[in-house]
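Some notes on the structure that comes next.
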Ligand SMILES: [Fe+2]
């Protein structure tokens, strides 16, 4: 079978979407595991300053860092990793597996790039897996600005606003999105509790802390030290 379209589409647009990639039964099982972890009233990990300034309300969980390799059926899936091989040309490694939870009524995530695009060769690959449907009722749509992985730095400005050319996606349960870390993206306000998961990968040799500094429209933020590295006007 010819898979060259995957590579072409990814490198042209900065992302590629696969619906019905993982089966619903597995997604239900994983969704329950993730919800069990967060419990009924999860606490924000980030500082109040970060939440108010960034316009981001998401609680991350890194299960493999806690010795909880609960999601190997995705992590080790042959097809999932074969597509990664195609996109990253065989030379890649896992960065980390991150679960993300946003409470009903929270703001989602403002426009950002997961890492600085100053050096085009240094980037992360998001491998987003959706364990439940994102609908108009749930909110929390992912918004992607196609082709911006080639557009350099996200322009400074209002952190969370509609931009002409943006694409709003409502992934269904079992959908996978491969998304370049330099491609501008955000998450719309969340109306019902929202979960998504990211099996992040990087080209081999990429620094482990590649996603430590995130580019927002109003600042560069460093997660490891919880500090605003630079204000952007
Ligand atoms: Fe992101």
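Across the range 205-231, the number of residues qualifying as part of a loop (DSSP other than H, G, I, E, B) and touching a helix residue (DSSP H, G or I) at 6+ places or on another chain (Cβ under 8 Å) comes to 2. For the residues 171, 155, the requirement of being under 18 Å from the mean Cα position of the chain (by Cα) and in contact (Cβ under 8 Å) with a residue 40 or more places away in the chain singles out 171.
Quick grid of which residues meet (1) surrounded by 15 or more Cβ atoms within 10 Å (Cβ to Cβ); (2) closer than 19 Å to residue 133 by Cα; (3) touching a helix residue (DSSP H, G or I) at 6+ places or on another chain (Cβ under 6 Å):
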position: 31; (1), (2), (3): yes, yes, no
position: 36; (1), (2), (3): no, yes, no
position: 56; (1), (2), (3): yes, no, no
position: 72; (1), (2), (3): no, no, no
position: 75; (1), (2), (3): yes, no, no
position: 82; (1), (2), (3): no, no, no
position: 93; (1), (2), (3): no, no, no
position: 98; (1), (2), (3): yes, yes, no
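Consider the range 135-152 and keep the residues that are part of a loop (DSSP other than H, G, I, E, B), away from the ligand (no atom under 15 Å from the Cβ) and under 17 Å from the mean Cα position of the chain (by Cα). The one that is nearest to residue 206 (Cα to Cα) is 147.
Checked against (1) within 16 Å of the ligand (Cβ to nearest atom); (2) over 22 Å from residue 83 (Cα atoms); (3) not in a strand (DSSP E or B), residue 156 passes all but condition (1). The helices (runs of 4 or more DSSP H) found entirely in the range 28-125 that carry 2 or more residues being within 16 Å of the ligand (Cβ to nearest atom) and at pLDDT below 95 are 48-54. There is at least one residue in the range 163-175 that is in a loop (DSSP other than H, G, I, E, B) and exposed (fewer than 14 other Cβ atoms within 10 Å of the Cβ).
Among the conditions (1) within 16 Å of the ligand (Cβ to nearest atom); (2) under 23 Å from residue 104 (Cβ atoms), the only one that residue 163 does not satisfy is (2).
The values are calculated or read from the model by the stated rules, or taken from the named source; none is laboratory data. For clarity, every value in this text was computed on a predicted model and none was experimentally measured. Methodologically, a virtual Cβ is constructed for each residue, glycine included, from the backbone with ideal geometry; neighbour enumeration extends over all protein chains shown.
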